[in-house]
2 protein chains.
Amino acid sequence: MPYPAKTSPEAILGAALELLEQGGEDGLSLRALAGRLGVKAPSLYRHYPDKAALEVALVEHGNRRLGEALVAASREGEPEAALEAAARAYLEFARTHPRLYDLMMDARLSALASRESGKAVWNTVLQRVGALTRDPDDTAAAVALWSFLHGYAGLERSGMFGASGPKGGLEAGLRALAAGFKARAG
Amino acid sequence: MPYPAKTSPEAILGAALELLEQGGEDGLSLRALAGRLGVKAPSLYRHYPDKAALEVALVEHGNRRLGEALVAASREGEPEAALEAAARAYLEFARTHPRLYDLMMDARLSALASRESGKAVWNTVLQRVGALTRDPDDTAAAVALWSFLHGYAGLERSGMFGASGPKGGLEAGLRALAAGFKARAG
DNA sequence: GTCTATATGCGGATAGAC
DNA sequence: GTCTATCCGCATATAGAC
């Protein structure tokens, strides 16, 4: 076998995830990715047509992972407890996979990703919010919660809360939103 | 005068603001900035020691502008109306100066910027929130509101709300947070 | 203070040999 | 399928002439 395959789309995806989590602040680089796989950069083009295609695959993978985490966290009984658990799972995902999360929140990649991959995420948020507002399709409330979580994750990660920390801002926001959502039901 | 000054720190700052607002998606480039001023890139180093110094100046400028906008918008009488007006002014700033806003939310630059420049922003948020919670220094509530606004601005800008739009998510979030904050007071 | 020329580094992507 | 060699573009930043 003169030219055995050293890598594969799956291996590339896995190495890309590692690189995203361990790498510096800049985005993925095909050179660094190839180096991690013991391969030269041009070889990657045999498995993905270009960098964007790899990024789309990463987004779909991240959507599935986040969806699973939210579904698992939503197993709580009380509607408010389930919502808080899902919210904390969302933030935990953003904390542990910050650069993957950034990719997932890139609308251009999101538009190219399969719709199914992101469905579990959105559906879970809708369900948790709907249990409080008694409207199973309360898009407005879900958007509000999403905005809060996305913003909190971003400010936390970029260090904008400073040395003093968020000072209970997460709990205050979740409580206020949950209370406001409950009021919507009545 | 063999080598008259073609530019100045103030002119560079102004051109950088224009470039941030009109430019593409990538960050500032000293080449593009110099081109806009009718100058070559190395000349800029006579006015700012390096790119970071210029960015810090931009952050301070942005902080002052946002602070003024929030103070002006908070002139409403009712606490809730003032909070909503301030929130809308915050989002309007993020919408009209998206890339400057990004710089302002970069913690590394923020840490280098003067504290006074960002004080009006934070103080206004604290005041508007405090009027509802009856706690003049309710950091938790202010962090919650800030997170919501920051997240909403980010999702809106990156197009994550999609063609269907936010569907009243802004109003739902502001109302829920205001209601929750009011409940804190009692 | 501005210029030309250059150093140095990064990135994505392609051609063609094996 | 992988490789070497290369193209092309971008960037920040510096040296030294005028």
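Read the figures in this text as sums done on the coordinates, not as results from a lab. Everything numeric in this text was worked out from a predicted model, so none of it was measured. As a convention, Cβ positions derive from the backbone with ideal geometry for all residues, glycine included, and neighbour counts pool all protein chains shown.
Here are the numbers for the structure shown:
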item: Residues residue B:72 and residue B:40, FRET efficiency given R0 of 45 Å [Cβ-Cβ distance, rounded to 0.05]; result: 0.70
item: From the C-alpha gyration tensor of the protein assembly as shown, square roots of 5λ in Å; result: 35, 33, 16
item: Degrees separating the helix A:51-73 axis from the principal Cα axis of chain A, which is the longest one; result: 40
item: Ratio Rg/Rh, restricted to the stretch A:1-122 and using Cα atoms, in which Rh is the Kirkwood radius; result: 1.06
item: Helix axis angle, A:139-157 relative to chain A longest principal axis, alpha carbon, degrees; result: 60
item: Computed over the stretch B:2-131: relative contact order in percent, which uses C-alpha pairs under 8 Å that are six or more apart; result: 29
item: Shielding by other protein chains, A:130-142, mean Cβ within 10 Å; result: 3
item: Average Cα contact separation per residue, the stretch B:55-185, under 8 Å, 6 or more apart, as relative contact order %; result: 29
item: Given charges at Cβ of Lys, Arg, Asp, Glu: the protein assembly as shown dipole, positive-most of B:54, B:71, A:59; result: B:54
item: Enclosed volume per residue, in Å³, of the convex hull spanned by Cα atoms of the stretch B:55-185; result: 98
item: Net dipole in debye of the stretch A:38-184 [+1 Lys, Arg Cβ; -1 Asp, Glu Cβ; about Cα centre; nearest 20]; result: 320
item: Least to most buried among B:60, A:80 (fewest other Cβ within 10 Å first); result: A:80, B:60
item: Partners for residue A:6 among lysines (Cα-Cα distance below 30 Å; same-chain residues under 8 apart left out); result: A:40, A:51
item: Residue with peak Gaussian network fluctuation, chain B [Cα springs, cutoff 10 Å], from B:45, B:101, B:90; result: B:45
item: Total charge dipole magnitude, the protein assembly as shown, about the Cα centre, Cβ charges on Lys, Arg, Asp, Glu only, Debye to nearest 20; result: 600
